Structures are given as structure tokens and as C-alpha cells.
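Novice: This is the structure I want to talk about, given as C-alpha cells.
The values are calculated or read from the model by the stated rules, or taken from the named source; none is laboratory data. Just so we're clear, the structure is a prediction, and the values are computed from it rather than from any experiment. Cβ placement follows ideal geometry from the backbone for every residue including glycine, while neighbour counts extend to all protein chains displayed.
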Amino acid sequence: MKALYILVATILLVAGWAGFNYWRLRRAAKLLENAEFAEKIFTGQLIDLRDPVEFRRKHILGARNIPYEQLKQSLGAIRKDKAVLLYENDRGQRVTPAALYLKKQGYTDIYILSYGLNAWDGKVKSN
């Protein structure tokens, strides 16, 4: 019986943590589908958070490569007065902490490509 209580408590804790992180992300950035994201590219700063090898292989036309690991050192290259559009392969490991970090640094207009490059149906540059 004690093991059941521990299991239930663990499940509730994990679900609560996931919900909290989802809420934080929704406050920091807006998730956009392909069409909305494509419209914002013309007026925003399109940033690919993947590593340079992946970027060279394929990226959205007009994107700049700022790997997530170098984001803190590259803040000077990102303007606060323009929308910031973030993506990676899938909406996964990099975009959430990147959006939260940018929000904390005072960026207010942050967008994330829902489902990332793998689901992108717009123009790409590939080698």
C-alpha cells in the first residue's frame, strides 16, 4: 500500500512539473503553425538553434544559426525590438529553455515553430 502512495505521489509530481513548465513556456513564447510562422519571418529574426552541422545540411531559408549552447554569448546579435522566431528539428529540447532565457533577458516578442523543421512546409536551403 505504501508503494502505491509513493507511485501516485510521483505521478502527481511529474504531471505538476510538466504543467508548470508548459505554463511558463506559454507565458514566454507563442507556438505558431507553419503559415503564421512564415508570415512573421519577413519582419522577425529567424534563429535556428541546432548545431552548425545540422544547420548546413538543411535550414529554413533566411535563418541564422545560433546554436542553443552559444545563445548566452550571442545575445548582442539578437535585437529586442524585433520578433524572435525560434526553431529546431522538433519542438523539443532546445526551444523551451531558449525561449525562457530570452524572456528573462527582456525579449518580449518570441515565437516557436510548432513541431519544428521536421514539419516545416516552407522554403528551405539544403546541401
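Novice: Which of the residues belonging to segment 42-67 are under 12 Å from the mean Cα position of the chain (by Cα) and closer than 17 Å to Tyr115 by Cα?
Specialist: Answer for segment 42-67, where residues must be under 12 Å from the mean Cα position of the chain (by Cα) and closer than 17 Å to Tyr115 by Cα: Leu46, Ile47, Asp48, Leu49, Arg50.
Novice: For a quick check of your reading of the model, give me the residue pairs whose first member lies in segment 103-127 and is farther than 16 Å from Lys58 by Cα and charged (D, E, K, R), whose second is assigned to a helix (DSSP H, G or I) and at pLDDT below 95, with beta-carbon atoms closer than 8 Å and at least 6 apart or on different chains.
Specialist: Lys103/Arg27; Lys103/Ala28
Novice: Just need a number here: residues in segment 112-127 that are more than 9 Å from the chain's Cα centre (by Cα) and assigned to a loop (DSSP other than H, G, I, E, B).
Specialist: Step one: of segment 112-127, the residues more than 9 Å from the chain's Cα centre (by Cα) are 115, 117-127.
From the residues that got through so far, the ones that are assigned to a loop (DSSP other than H, G, I, E, B) too are 115, 120-123, 127.
Total meeting the criteria: 6.
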